[in-house]
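The values are calculated or read from the model by the stated rules, or taken from the named source; none is laboratory data. Values in this document were obtained by computation on a predicted structure and should not be read as measured data. Glycine also receives a Cβ, built like all others from the backbone with ideal geometry; neighbour counts cover every protein chain displayed.
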Amino acid sequence: MSNPQIYRPSTSISTPASSLPVIEFDRVSKRFALQHDGRVAIHKRVANLLRGRQHLDDDSFWALRDVSFTMRRGETIGLIGHNGSGKSTTLKLITRILEPTSGRVAVHGRVSALLELGSGFHPDLTGRENIYLNGSLLGQSHADMRRKIAGIIDFSELGDFIDTPVKHYSSGMYMRLAFAIAISVDPDILITDEILAVGDDAFQRKCIDQIYRFKRQGRTILFVSHALGLVQNLCDRALWFDHGVLRCDGDTVQSIDTYLCDINERDRKRIEEERRRELEERDARDAAEGASGGEGADDEGETERPTPNGGSREVEIVRVELLDRAGKEREVFDTGETLTVRVHYRAHEQVDYPVFGLAIHHRSGIHINGPNTRFANYPIDVVEGEGTVEYTIESLPLLEGEYLLTAAVYDYTMSHPYDHHERKYPFRVQVATVRERYGLLYIPGRWEWNHGATTPGE
C-alpha cells in the first residue's frame, strides 16, 4: 500500500518542544468487509477458504489508508471532510471501538468521547441510572459518579426528566445528558463527533463555552464537524480526510480553504459533465424530431449553474451575478463602489417564506458578514418557478484583497437548507478612491490635531 501524498502548508504550527504526543497514528489503515446477499456471501466464503483467503479484495471497503498524524497535549484539532471520508472511523480507532487493519494507534491519557448519539445509554434505564452506567464505562467508580451527579443533572438541565427512561428522550435531551457526562469525568482528551448538530441554540452555546473552557485549561480536543466556521474559530489545526486518505494536515484556515477548493473543482467538473449530457440528449431529441434546435432547451443561464454543497433542492440557486452600479457583471470592484449580488433561483415546487442569505469571507477565512432576508425584515411570501433576489451594498467598505461569497436559501426557521453554495463565488477588491491600505474594512473617520496642552474632557 503506497503512502498517500499529504498536503502540508508551509505555515508551521508552533508547539512547545516539551509537550508530548497524546495521540499517534502511524501508517494506519482500516478495512471493512462488505456484506452482500447471504447465499452469495456463503459461496464466496467457501471459495475463499479453499483458496486460503479470508476476504476478497473487491468485497472490501478501505475506510482509512496509510493515515499518519500526531496530536500533542493541549492542541485542538478539527477533522473535516465529506460523509464517509474516514473521520468517524478515526475517532473509533482512538477510542478502541475498532482496531486497525494495519499500522499503529497510540493514545496517552483519559479519553471522553461523544460519538453516535446515545451510544452507551440503555434505553430502558432512566437518565439517572444511565449516568452511573456511562460513568462505569468511562472508568469512574460508583462513588465518583455519586459526587458528580448533581453537577451533571444541573448542566444537562434535565432535572424534571432525570428519572424518566431515556427511550422517551428527544435527540436534544440525549445530547444534553451525554455531553454533561462526558465533561464531568475530567478527561485529558475530549472527542466530539457532530454531537452539537442537535439541541437548541442556547444549549449548543453552553456546550461550546465549555469546550472553549477546556481549551483554555490546556485540554486536548478532537473536534469533528461540518460547521467549518466553528472548526476555524475553535481549532489550532485541521485534518482533511477524503475517501479514507489524509489529504491535508496543517493550519486550520489553509486546510479549510484547500478542502473548499477541492469541492468547488469537483462541482465544476460535475457541472460540465451534466451540461455535456444535456447537450447530447438535446441533440439526439432534435435529430429524432427532425429539428435543428428550434425548440431545444434554452442555453441561457444554464452554463454556470453551480452544484450545491448541501440542501434538499426544493429551491435551487442556478446562478449568482456580481454587478456594478451600471448592471455590468464583474469580478473586481473598488472600495466605495456599489456592489449588487443577484441570485437567480428556480423553485421546483411552491415554497412558502424562504430565507435568502449571503456571506462574505476574506480569502484568509475571516467571516466578514452574513445578511439574510429574515434578519432584514424583508419577507418573501412564496416562490414558485424562476426568479431573482438582489442584495445591494451602496458603498463597498472592503479594502484590497481576495474575497469569497456564499449564497444560500433556507426555510423560514433557517435550520433546513434548500440550497447552500459555500464560498463559491470569488471576487477581488482594489483600492482606488481611498488611501487606506491596512486591514479589511474602510471605516470613514476624522483626524484632529491640537497644538499645545488641552484640558481633560475637551
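Of all the residues that make up the stretch 335-362, how many are acidic (Asp, Glu) and either more than 27 Å from Arg437 (Cα to Cα) or surrounded by fewer than 17 Cβ atoms within 10 Å (Cβ to Cβ) (or both)? Residues meeting the conditions: 2.
Each row is one residue, and each column tells you yes or no for (1) outside any loop (DSSP other than H, G, I, E, B); (2) more than 30 Å from Leu398 (Cα to Cα); (3) modelled with pLDDT under 70.
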site: Ala284; (1), (2), (3): yes, yes, no
site: Ala291; (1), (2), (3): no, yes, yes
site: Asp298; (1), (2), (3): no, yes, yes
site: Ile317; (1), (2), (3): yes, no, no
site: Ala326; (1), (2), (3): no, no, no
site: Glu337; (1), (2), (3): no, no, no
site: His344; (1), (2), (3): yes, no, no
site: Ala347; (1), (2), (3): yes, yes, no
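In the stretch 257-279 there is no residue matching the filter, namely being surrounded by 15 or more Cβ atoms within 10 Å (Cβ to Cβ) and in contact with a Gly (Cβ under 6 Å, 6 or more places away or on another chain).
Taking the condition at pLDDT 90 or above, of a type in the set (S, T, N, Q) and closer than 23 Å to Leu20 by Cα, does Thr220 pass? In short, yes. Here the strands (runs of 3 or more DSSP E) wholly within the stretch 55-107 that include at least 3 residues being under 16 Å from Phe223 (Cα atoms) are 60-72, 76-80.
For the stretch 384-423, the set of residues classified as in contact (Cβ under 8 Å) with a residue 12 or more places away in the chain and loosely packed, with under 14 Cβ neighbours inside 10 Å consists of Glu384, Gly385, Glu386, Gly387, Thr388, Glu390, Thr392, Glu394, Ser395, Glu402, Met414, His416, listed by residue number.
Would a scan of the stretch 372-383 turn up a residue that is aliphatic (A, V, I, L, M), without any contact (Cβ under 8 Å) to a residue 40 or more places away in the chain, closer than 28 Å to Ala326 by Cβ and touching a Pro at 6+ places or on another chain (Cβ under 7 Å)?
Let us first name the residues in the stretch 372-383 that are aliphatic (A, V, I, L, M), namely 376, 380, 382-383.
Right, trim to without any contact (Cβ under 8 Å) to a residue 40 or more places away in the chain and you get 376, 380, 382.
Of the ones still in play, those that are also closer than 28 Å to Ala326 by Cβ are 376, 380.
Add one more test, that the residue is touching a Pro at 6+ places or on another chain (Cβ under 7 Å), and what stays is 380.
Yes - at least one qualifying residue is present in the stretch 372-383.
Going by the structure shown, is Leu234 assigned by TED's automatic domain parsing to the domain that holds Ile211 and out of contact with any Pro (no Cβ under 6 Å at 6 or more places or on another chain)? The answer is yes for Leu234. Checking each residue in the stretch 319-335 for being out of contact with any Ser or Thr (no Cβ under 7 Å at 6 or more places or on another chain), of a type in the set (A, V, I, L, M) and free of Cβ contacts under 8 Å to residues at least 40 places away in the same chain picks out only Ala326.
Looking only at the stretch 410-425, decide whether some residue is in the same structural domain as Glu321 (by TED's automatic domain parsing) and of a type in the set (A, V, I, L, M, F, W, C).
So in the stretch 410-425, the residues in the same structural domain as Glu321 (by TED's automatic domain parsing) come out as 410-425.
Cutting the leftovers down to of a type in the set (A, V, I, L, M, F, W, C) gives us 414.
Yes, there is a match, as at least one residue in the stretch 410-425 is in the same structural domain as Glu321 (by TED's automatic domain parsing) and of a type in the set (A, V, I, L, M, F, W, C).
In the set (1) small (Gly, Ala, Ser); (2) touching a helix residue (DSSP H, G or I) at 6+ places or on another chain (Cβ under 6 Å); (3) assigned to a helix (DSSP H, G or I), Ala238 fails one condition alone, (3).
For the subset of the stretch 157-180 comprising residues that are in a helix (DSSP H, G or I) and more than 25 Å from the chain's Cα centre (by Cα), which member is surrounded by the most Cβ atoms within 10 Å (Cβ to Cβ)? If we take residues in the stretch 157-180 being in a helix (DSSP H, G or I) and more than 25 Å from the chain's Cα centre (by Cα), then Val166 is surrounded by the most Cβ atoms within 10 Å (Cβ to Cβ).
In the set (1) closer than 28 Å to Ser170 by Cα; (2) surrounded by fewer than 20 Cβ atoms within 10 Å (Cβ to Cβ); (3) at pLDDT 85 or above, Phe61 fails one condition alone, (1). Evaluating Arg205 against the criteria (1) exposed (fewer than 14 other Cβ atoms within 10 Å of the Cβ); (2) of a type outside the set (A, V, I, L, M); (3) modelled with pLDDT under 85; (4) farther than 22 Å from Ile80 by Cβ leaves one unmet condition, (4).
Is it the case that the stretch 249-259 has a residue that's modelled with pLDDT under 90, in contact with a Ser or Thr (Cβ under 8 Å, 6 or more places away or on another chain) and more than 30 Å from Gly218 (Cα to Cα)?
So in the stretch 249-259, the residues modelled with pLDDT under 90 come out as 250-259.
Pick out the ones that are also in contact with a Ser or Thr (Cβ under 8 Å, 6 or more places away or on another chain) and you get 250-251, 253-254.
Among the residues that remain, those that are also more than 30 Å from Gly218 (Cα to Cα) are: none.
Within the stretch 249-259, not a single residue is modelled with pLDDT under 90, in contact with a Ser or Thr (Cβ under 8 Å, 6 or more places away or on another chain) and more than 30 Å from Gly218 (Cα to Cα).
Being surrounded by fewer than 14 Cβ atoms within 10 Å (Cβ to Cβ) and either aliphatic (A, V, I, L, M) or in contact with a helix residue (DSSP H, G or I) (Cβ under 9 Å, 6 or more places away or on another chain) (or both) narrows it down to one of Gly135, Gly151, Gly120, Gly127, so name that one. It would help to see each step written out before you state the result.
Details: Gly135 fails: surrounded by fewer than 14 Cβ atoms within 10 Å (Cβ to Cβ); Gly120 fails: surrounded by fewer than 14 Cβ atoms within 10 Å (Cβ to Cβ); Gly127 fails: surrounded by fewer than 14 Cβ atoms within 10 Å (Cβ to Cβ).
After ruling out the rest, the residue left standing is Gly151.
How many residues are farther than 18 Å from Glu400 by Cβ and touching a Phe, Trp or Tyr at 6+ places or on another chain (Cβ under 7 Å) when one looks only at the stretch 318-339? Within the stretch 318-339, residues that are farther than 18 Å from Glu400 by Cβ and touching a Phe, Trp or Tyr at 6+ places or on another chain (Cβ under 7 Å) number 2.
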